[in-house]
Amino acid sequence: MAFLAPMLDTHGAVALKKADAAKLAKDLSASLNLDVSPASPAVENGRILAVARKDGTRVILALARDAKALSAFKGKKADVTVDGVKLAVVTGEANHANAQAVRSAFGFAKPKVLGLHKSFGFGDRLGLATPGHIEAVRGTSLAPIFTQQSMREMSRTGRTPDDVMDDAMWSVVECGWRDPHGSDADHLKTTDDEDVCLAAGFTLFTVDPGAHVDGAADKDPAAALATKFAALPWGELETTAADLAKRLLAKPIKLSDKLTVTFTDETLKRAAAKYAKAVLHTAKMYRHLASKRAAGEFELEVSVDETDTPTSVAEHYYIASELKRLGVKWSSLAPRFVGRFEKGVDFIGDLKELEASLVGHVEIAKAVGPYKLSLHSGSDKFSVYPILAKHAGDLVHVKTAGTSYLEALRAIASLDPGLFREILAFGIGRYEEDKKTYHVSADLKKVPDPAAIKDKDLPKALDRFDDRQVLHVTYGSVLMTLDANGKPLFRDRLMKALRENPDAYAKVLRKHFAKHVGPFA
């Protein structure tokens, strides 16, 4: 009995069962003489979408009874009969024009605003990690963000916001992910950054006002502190020093049975001197977004994590209450937690001290918002996850990025030991320069000579603290450095090995991220 015709007559998206998608993929493969990915078929408003592989290259298939319904898709046009239904088909490249057509025609392919849903960010610096990310998060209660990249990462990898959006989307289609997923334009510092990410269709905008945080205010002498406090841009902040004191100094602020915030004249002045300009910058960035996109069609994350000094619980309350007073709406906030959250390695510090402060941060997020508490530099913080999950519950967002690149190198260590040795040796040479924009503490003296490591032991480099950080922070140089002939020194070989062995990369990602998502799922 034909099953395709009723689907094409259905208004809206058809929820294909796994078996139905596989059957449709099999029928399409037979009719088109292509290897259609079994999880990829989707049906919506009389159109069919699927992804196939031809000579290892991804191609897209768009089908409908009426060829006019496929006018936005670019590629070779033909007619085909599938399951007894005559259809027009466009077979095209997985390029940006077709990605835009897919997002316009198929709702599941478009990132969504996730709101307060417990979420996990999977940064992907190579554009090849999403299949592994999908395998890791499938079946959990987490809302994933598969499209996540900072402007710094894009500049260091030669990618654009459109590249990041498209690469993740094609894997979403091919791997059969049909639940909501978000997109994070990470660590934005200017409205120009916001504009390029708005144009690409991002939904979450992480504002990084770190350049406007005055960490010296933590220890300024009284006279210097008073001068800084008096000189704050009170007019732009739409308040006065007297009004601020009236709001926060009048009496202790009881937020819950677990937390009462008390300011003194000194702690209030230090909080304002440290964070007022960051609050103002965040409000300007938010208002710019709100002027370009309707409420409910974007969300904001506030990030003050990339600063030298921790955000106290009282300072968190100052930031949140002032943002709220200025009309800013946000879904998550990343404080600078106590201890060291270095790139690519576990937490360094006193876990009991972290837990004690974390309780306060969570209570503020519940009382002032609610909003999610966001953990940045969240990669590989295995000792922190159970604590955060315990106290934050569903009000949590975890953000990872570089760890997926490191797992790509783990795969390369097995697939091409010679290439991995070259990359590690190059990274050792670049580390001192590349680490300048990171909080890391790897010691090059503790990194073994790559030439002395046996092939079978190469993957273990990804388990050693110092090797791991060296490889983490040098990713931009590895991907962008050219040889004497102007060709990429490593990038093409690295990408070729991963593209030719997608299952190997997905396998290490699935295993690695199971340890990340488990405590939250």
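The values are calculated or read from the model by the stated rules, or taken from the named source; none is laboratory data. Because the structure is predicted, anything quoted here is derived from the model rather than measured. Positions of Cβ are generated from backbone atoms using ideal geometry, with glycine treated the same way; all protein chains shown enter the neighbour counts. The protein model used for the area step is the full one, side chains on, heavy atoms only, and it has no ligands, DNA or RNA in it. Shrake-Rupley method; radii C 1.70, N 1.55, O 1.52, S 1.80 Å.
Is it the case that some residue within the range 152-160 is open to solvent by 10 Å² or more (accessible area, probe 1.4 Å), at positive phi and touching a residue at least 40 places away in the same chain (Cβ under 8 Å)?
Looking through the range 152-160, at least one residue is open to solvent by 10 Å² or more (accessible area, probe 1.4 Å), at positive phi and touching a residue at least 40 places away in the same chain (Cβ under 8 Å).
Among the listed residues Val447, Val359, which satisfies the condition of being open to solvent by 20 Å² or more (accessible area, probe 1.4 Å) and either farther than 25 Å from Asp503 by Cα or among the aromatic types (Phe, Trp, Tyr) (or both)?
Within the list Val447, Val359, the selection yields Val359.
Quick one: how many residues across the range 455-469 are open to solvent by less than 10 Å² (accessible area, probe 1.4 Å) and within 17 Å of Lys435 (Cβ to Cβ)?
Matching residues across the range 455-469 total 2.
Given the structure, is Leu424 crowded, with 20+ Cβ neighbours inside 10 Å and touching a strand residue (DSSP E or B) at 6+ places or on another chain (Cβ under 9 Å)?
In short, no.
Could you please find all residues in the range 495-521 being assigned to a helix (DSSP H, G or I), open to solvent by 60 Å² or more (accessible area, probe 1.4 Å) and within 30 Å of Lys118 (Cβ to Cβ)?
Pro502, Asp503, Lys507, Arg510, Lys511, Lys515, listed by residue number.
When the residues of the range 161-182 are filtered to those that are under 15 Å from the mean Cα position of the chain (by Cα) and surrounded by fewer than 21 Cβ atoms within 10 Å (Cβ to Cβ), which remaining residue is nearest to Tyr475 (Cα to Cα)?
Asp163
Quick check on Ala290: is it open to solvent by 60 Å² or more (accessible area, probe 1.4 Å), modelled with pLDDT of 95 or more, part of a helix (DSSP H, G or I) and of a type in the set (A, V, I, L, M, F, W, C)?
no
Of Asp492, Asp443, Asp449, which residue is at pLDDT 95 or above, over 25 Å from the mean Cα position of the chain (by Cα) and either of a type in the set (Gly, Ala, Ser) or more than 22 Å from Phe341 (Cα to Cα) (or both)?
The conditions single out Asp449.
Name the residues in the range 1-38 that are surrounded by fewer than 16 Cβ atoms within 10 Å (Cβ to Cβ) and part of a loop (DSSP other than H, G, I, E, B), would you?
Met1, Ala2, Phe3, Asp9, Thr10, His11, Gly12, Ala15, Lys17, Asn33
If you check Thr206 against the conditions, is it open to solvent by 50 Å² or more (accessible area, probe 1.4 Å) and under 24 Å from Thr309 (Cα atoms)?
Here the answer is no, as Thr206 does not meet what is asked.
Per-residue answers, yes or no, for (1) open to solvent by 50 Å² or more (accessible area, probe 1.4 Å); (2) among the charged types (D, E, K, R):
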{"site": "Ala222", "(1), (2)": "yes, no"}
{"site": "Thr227", "(1), (2)": "yes, no"}
{"site": "Arg247", "(1), (2)": "yes, yes"}
{"site": "Leu255", "(1), (2)": "no, no"}
{"site": "Phe263", "(1), (2)": "no, no"}
{"site": "Glu266", "(1), (2)": "yes, yes"}
{"site": "Arg270", "(1), (2)": "no, yes"}
{"site": "Lys284", "(1), (2)": "yes, yes"}
{"site": "Ala295", "(1), (2)": "yes, no"}
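I'm checking my understanding of the structure. Among residues of the range 101-126 that are open to solvent by less than 30 Å² (accessible area, probe 1.4 Å) and in contact with a Ser or Thr (Cβ under 7 Å, 6 or more places away or on another chain), which one is farthest from Tyr505 (Cα to Cα)?
Gly115
Kindly provide the set of residues from the range 364-406 that are within 19 Å of Tyr317 (Cβ to Cβ) and of a type in the set (Gly, Ala, Ser), ordered by number.
Selection gives Ala365, Ala367, Gly369, Ser374, Ala392.
Inside the range 231-244, can you point out the residues that are open to solvent by 30 Å² or more (accessible area, probe 1.4 Å) and either small (Gly, Ala, Ser) or in contact (Cβ under 8 Å) with a residue 40 or more places away in the chain (or both)?
Ala231, Pro233, Gly235, Glu236, Glu238, Ala241, Ala242
Here are some conditions: (1) of a type outside the set (Phe, Trp, Tyr); (2) open to solvent by 10 Å² or more (accessible area, probe 1.4 Å); (3) touching a residue at least 60 places away in the same chain (Cβ under 8 Å). Glu407 meets all but one. Which one does it not meet?
Here Glu407 meets the rest and fails (2).
State yes or no: is Lys26 more than 28 Å from the chain's Cα centre (by Cα), basic (Lys, Arg), under 21 Å from Ala97 (Cβ atoms) and at pLDDT 95 or above?
It is false that Lys26 is more than 28 Å from the chain's Cα centre (by Cα), basic (Lys, Arg), under 21 Å from Ala97 (Cβ atoms) and at pLDDT 95 or above.
Would you pick out the residues in the range 79-100 that are open to solvent by 50 Å² or more (accessible area, probe 1.4 Å) and either over 29 Å from the mean Cα position of the chain (by Cα) or of a type in the set (Ser, Thr, Tyr) (or both)?
Asp79, Thr81, Gly84, Lys86
Quick one: count up the residues across the range 46-60 that are touching a Ser or Thr at 6+ places or on another chain (Cβ under 8 Å) and either more than 15 Å from Met7 (Cβ to Cβ) or open to solvent by 60 Å² or more (accessible area, probe 1.4 Å) (or both).
Selection size over the range 46-60: 5.
Going through the range 478-494 one residue at a time, which ones are in a helix (DSSP H, G or I), within 20 Å of Ala411 (Cβ to Cβ), touching a helix residue (DSSP H, G or I) at 6+ places or on another chain (Cβ under 9 Å) and open to solvent by 10 Å² or more (accessible area, probe 1.4 Å)?
Correct list: Arg491, Arg493.
Consider only pairs whose beta carbons are under 8 Å apart and that are at least six residues apart or on different chains; among these, list those whose first residue lies in the range 26-48 and is basic (Lys, Arg) and whose second residue is part of a strand (DSSP E or B) and open to solvent by less than 20 Å² (accessible area, probe 1.4 Å).
Lys26/Val36; Arg47/Ala62; Arg47/Leu63; Arg47/Ala64
State all residues of the range 297-321 that are of a type outside the set (A, V, I, L, M) and under 20 Å from the mean Cα position of the chain (by Cα); if no residue qualifies, say none.
Passing the criteria: Glu297, Phe298, Glu299, Glu301, Ser303, Asp305, Glu306, Thr307.
When you go through Lys269, Lys274, Lys246, Lys251 one by one, which is the residue that is of a type in the set (Lys, Arg) and assigned to a loop (DSSP other than H, G, I, E, B)?
The conditions single out Lys251.
Please determine, by comparing only the residues of the range 156-210 that are among the aromatic types (Phe, Trp, Tyr) and outside any helix (DSSP H, G or I), which one is farthest from Phe108 (Cα to Cα).
For the range 156-210, the residue satisfying everything is Phe205.
Is it true that some residue in the range 372-383 is over 20 Å from Lys329 (Cβ atoms), of a type in the set (A, V, I, L, M, F, W, C) and without any contact (Cβ under 8 Å) to a residue 12 or more places away in the chain?
no
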